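Each value in this text was obtained by applying a stated rule to the coordinates, not by laboratory testing. Everything numeric in this text was worked out from a predicted model, so none of it was measured. We place every Cβ from the backbone using ideal geometry, glycine too, and count neighbours over all the protein chains shown.
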Amino acid sequence: MSGTCVIAGGGPAGAVLGLLLARSGVEVTLLEKHKDFLRDFRGDTLHPSTLQVMDELGLADRVEALPHRKTSALWLWTDEGAVQLVSLKGLRSKYPYIAFVPQWDFLNLVTEAAKEYPNFRLLMEAEVTGLIREDGAARGVRYRDASGEHELRATLTVGADGRGSQVRRAAGLVPVERGAPMDVVWFRLPRDPGDFEDTFLRISAGGLMVAINRETYWQLAYVIPKGAFEELKARGVEDLRASVARLIPFLAGRTGELEGFGDVGVLRVALNRLRRWYRPGLLMIGDAAHAMSPVFGVGINLAVQDAVAAANVIAEPLRAGHVPVELLRKVQRRRTPPTVITQYAQQLVQNRLIRPALAGSGAPSRIPVPPSGLPIVGDLARRFIGLGILPEHVRTRPPGG
Ligand SMILES: Cc1cc2nc3c(=O)[nH]c(=O)nc-3n(C[C@H](O)[C@H](O)[C@H](O)COP(=O)(O)OP(=O)(O)OC[C@H]3O[C@@H](n4cnc5c(N)ncnc54)[C@H](O)[C@@H]3O)c2cc1C
C-alpha cells in the first residue's frame, strides 16, 4: 500500500518537500494556515543552491520568468568607504548570483508545479492544531478550517510550520536557544536610478543597516538591539528617519516617505535548533527545526536544502508505505553539519560585528574585512554564501522515471 504524507506549513521547506514527494508519486497534503502566500518583508533571496534545485526540477525557466533582480556582489560600507565583501561571479555554478524573488511568487510557483500531480493536495486556511498519536508514533494531524475541526491521518507527518511551530510544541520538542543580540526593523524607501547599484551592509559605530536594491525601491533592514523596538517607537519616527539619513546620506531627502511605524515590519531574531528533529512518524525541517539568524540571508536556502535532503531519503520508502525511524535520523544527520556550521558563522558575525556596532564601540576601522587579495578567502566566502555547506541535489525520480 502506498504511504501518505501530511506537511504542516506552506513555507519554502514545506512547499518544496510537497512538490518533491508529489513528483515521486507519494500522496501528499500540504496544510497552510494563511489564505495566500503574501508576506511582506520575508526572506526573498534565492541563492545559487536553490536556483540549482529549481533547475534540477525543470523549473528554472519559470523562476526566470518571475519578476526579480540578480545580484552578484555584496558590499560593506563603513565610514571609511565601501569595499566589496564577496562576489559570486567566480562561483562554479550555472547560477553565480542571488535572485531577489518575492517569496509569495516563489511559493506560488512551487505549489502550482506541485498541483500538476493529481496526488498533491494543498489546503489553504487550514491551521494545524495538534498531532494524532497512537502507540507512541505520530499518525497525522488535527487541523482547523472555516468548516471546523478535522483529522488527517498519514504515514508520515512533517512539521515545516516555521519558527513558532505548533507541530514541534505538540510533539514536545523544544529548541535550544543560541541567542541573538539584535532584532531587525524592515521598511522601504524609493530608489533613484542613480543610486548605488548593489546590495550593501552599512556599518558605523552605533548603527547598522542592510540595503537591498529592489529596482524601484530600497528594502531596508535597520538593526536594533534585542527587544528595543518599543523604545525605538517611543522615540518617534523622526528619530528613525534621522538615523537612516545619518547612515545612508543619499536617502536623506527621501526619509519623509516613511510615514510612521505602520510602514515597518519587525523581525524578532531567533537562532536556535532542535537536538532531535524526529519522532516515530514525524520529521521537523526548516525553521521549525532550526531558526536561522538573518545574517547571510540563508534561511530560505537551508529550508529548501532540508526539503531536498528529506525527499532524497524518504520518498521511496514512503511510497512503499513505511518510513523507519532510522531514515528520519539519517535526514537529521545529513542536515546537522550545514545547520551547525552556518549558525556558528552567524554567531561569529553577531558577536564580532553586530554586537560591538550596536553598542557604539564598533570603530569602523577595526571591522575585520576579509583580505581581498587572498583568493582562497574569496573562494570560500563565495561557496559558503552561494552554495552553503553540503549542497543537496535532487535524487528523487517520478515513479518509473
Ligand atoms: C522579516 C524576515 C526577513 C527574512 N529575510 C531573509 C532573507 O533575506 N533571506 C533568507 O534566506 N531568509 C530570510 N528570512 C528567513 C526565512 O524567511 C526563513 O528562514 C524561511 O522562510 C524558513 O522557511 P520555512 O519553510 O522553514 O518556514 P516559514 O517560511 O516560516 O514557513 C512556515 C509556514 O507555515 C505556516 N504555518 C505556521 N503555523 C502553521 C500551522 N499551525 N498550520 C499550518 N500552517 C502553519 C506559516 O504561515 C508559513 O507559511 C527572513 C525571515 C523574516 C521573518
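Below 8 Å between Cα atoms, with a sequence gap of 6+, how large is the relative contact order for the range 229-372 in percent? Computed value for the range 229-372: 17 percent relative contact order. Structural descriptor for the chain: relative contact order 24 percent, calculated from alpha carbon pairs under 8 angstrom and at least 6 residues apart.
The share of alpha-carbon pairs in the range 1-113 lying farther apart than 22 Å comes to 43%. Annotation: amide H-H contacts under 5 Å for Val266 (H modelled 1.01 Å from N, sequence separation of 5 or more, or interchain): Trp186.
Shape summary of the range 228-328, radius of gyration then Dmax from alpha carbon positions: 21.6, 63 Å.
Its Cα gyration tensor gives the range 268-314 an equivalent ellipsoid, and the semi-axes of that ellipsoid, as √(5λ) in whole Å with the largest first, are 20, 14, 6. Note on the range 64-123: along the principal axes its Cα atoms extend 57, 26, 17 Å, ordered by decreasing extent.
Quick one: Debye curve from the alpha-carbon atoms of the range 168-274 only, equal weights, vacuum; give me log10 I(q)/I(0) at q = 0.19, 0.20 Å⁻¹ to two decimals. Once normalised to I(0) and log-transformed, intensities are -0.96, -1.03.
The trypsin sites (Lys or Arg not before Pro) of the range 17-119 that DSSP puts in a loop, and whose beta carbon has at most 13 other beta carbons within 10 Å, are Lys35, Lys89, Arg92, Lys94. Excluding the site residues themselves, the longest part of the chain lacking any GluC sites (Glu not before Pro) in a DSSP loop with at most 11 other Cβ atoms within 10 Å is 260-401. A straight Cα-to-Cα reach below 24 Å connects Lys35 with the lysines Lys115, residues fewer than 8 places away in its own chain not being considered. The angle separating the long axis of helix 375-386 from the principal Cα axis of greatest extent in the chain is about 50 degrees. If you look at the Cα atoms of the range 169-222, you get an Rg and a Dmax of 16.6, 53 Å. When the trypsin sites (Lys or Arg not before Pro) in the range 255-332 are filtered for DSSP coil states and for at most 16 other beta-carbon atoms within 10 Å of their beta-carbon, the remaining sites are Arg268, Arg275, Arg276. Counted by Cβ distance under 10 Å from Pro181, the other residues give a net charge of +1, where Lys and Arg count +1 and Asp and Glu count -1. Normalising by residue count, the range 11-53 has a Cα convex hull of 79 Å³ per residue. Principal-axis analysis of the Cα atoms of the chain puts helix 325-349 at an angle of about 0° to the longest axis. Dividing the Cα radius of gyration of the range 85-228 by 2.2 N^0.38 Å, with N the residue count, gives 1.47. How many times 2.2 N^0.38 Å is the alpha carbon radius of gyration of the chain? The reported ratio for this selection is 1.00. For the range 255-270, backbone phi angles converted through the Karplus equation (6.51, -1.76, 1.60; θ = phi - 60°) give residue-by-residue couplings of 5, x, 5, 7, 7, x, 6, x, 8, 10, x, 10, 9, 7, 5, 10 Hz, Gly and Pro being listed as x.
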